[in-house]
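J.: Dropping the structure in here first, questions after.
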């Protein structure tokens, strides 16, 4: 099995390839992240390619220690960077090696896969993460029974339409693996489906 960090780079590189080939208006399409356009998601995930640890610390202090406020501020500001700059940052080895504080390789993979799906599911495109990475994240999130993102899949049977993956018992929820990850990450799918909150 590939070490989780090994899937991060390919996920971001393929996301860059997808966006480089997409119409310009795709950057201004709504993502699955509440209030964020596609460009905001890309600006968010590429922060480690732009900000040193010292710069990040200063940004966090300016946001009063509130990471959500910091994320929103940086996404709004840096989402206006030229697309080519953001695409280059998606391809940066520094980003591919980054691990969130306390999250390790598993946290880096979750960050890359979930946010790439925020873009691809919203745009109706297949995941850019390797299939094994999407399945690994499905296994990780269901093992935690939805607690990571505050959803409650109790009483549901999750079934992937693009392979034989399944989990749970109860009311059937069928979607491709990428959409199932998005649901387990607390997102609302373009068709309006979401999972109950805890």
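J.: Give me the distance in nm between label points sitting 7 Å out from Cα along the Cα-to-Cβ direction at residue 148 and residue 72, one decimal.
T.: That separation, rounded to one decimal, is 2.5 nm.
J.: Then there is this: Hey, what angle do you get for helix 131-143 against the long axis of the chain, alpha-carbon based, 0 to 90 degrees rounded to 10?
T.: The two axes meet at around 70 degrees.
J.: Among 136-145, 59-68, 22-31, what's the highest-first ranking by average C-beta atoms within 10 angstrom per residue? Working shown, then result.
T.: Details: 136-145: 17.7, 59-68: 11.6, 22-31: 13.9.
Ranking the peptides 136-145, 59-68, 22-31 by packing returns 136-145, 22-31, 59-68.
J.: Specify the residue with the greatest mean-square fluctuation among 57, 166, 186, computed from a Gaussian network of the chain linking alpha-carbon atoms under 10 Å apart.
T.: Maximum among the listed residues: 57.
J.: Could you please state, rounded to a whole Å, how far the C-alpha centre of the stretch 103-179 is from the C-alpha centre of the stretch 1-74?
T.: Each part's Cα centre sits 19 Å from the other's.
J.: Once you have the Cα-Cα distance between residue 62 and residue 174, take 0.36 nm times their residue separation minus that, and quote the gain in nm to one decimal.
T.: 36.0 nm
J.: Using Cα pairs under 8 angstrom and six or more residues apart, how large is the relative contact order of the chain, in percent?
T.: The value is 24 percent.
J.: Assuming R0 = 35 Å, what is the FRET efficiency of residue 197 and residue 105, from their Cβ-Cβ distance, to the nearest 0.05? All intermediate terms of the calculation are to be shown ahead of the outcome.
T.: On the way: r = 28 Å, r/R0 = 0.80.
E between residue 197 and residue 105, to the nearest 0.05, is 0.80.
J.: Could you work out [θ]222 nm for the chain from helices alone, using -39500 (n - 2.57) per DSSP H run of at least four and dividing by all its residues? Round to the nearest 500 deg cm²/dmol. Write out the running numbers ahead of the final one.
T.: Values: 10 runs with 105 residues, N = 198.
The per-residue figure over the chain is -16000 deg cm²/dmol.
J.: Based on the alpha-carbon gyration tensor of the chain and its eigenvalue square roots a ≥ b ≥ c, which shape applies: rounded if a/c is under 1.5, prolate if not and a/b is larger than b/c, or oblate?
T.: In terms of gyration-tensor shape, prolate.
J.: Have a look at 176, 163, 88 and tell me which one the Gaussian network model of the chain (Cα, springs below 10 Å) gives the largest fluctuation.
T.: 163
J.: Further question on the same structure: First check a/c for the stretch 130-198, with a ≥ b ≥ c the square roots of the eigenvalues of its C-alpha gyration tensor; if it is under 1.5, answer rounded, and if not, answer prolate when a/b is larger than b/c or oblate otherwise.
T.: Taking the square roots of the gyration eigenvalues as a ≥ b ≥ c, the stretch 130-198 is rounded.
J.: Cα gyration tensor of the stretch 32-106, axes a ≥ b ≥ c as square roots of the eigenvalues: rounded (a/c below 1.5), prolate (a/b > b/c) or oblate?
T.: Verdict is rounded for the stretch 32-106.
Taken together, the values in this text are just the output of simple stated rules run on the coordinates, not laboratory data. The shown structure was predicted, so the numbers you read here are calculated from the model rather than taken from an experiment. Because the Cβ atoms are built from the backbone with ideal geometry, glycine has one as well, and the counts that use them run over all protein chains shown.
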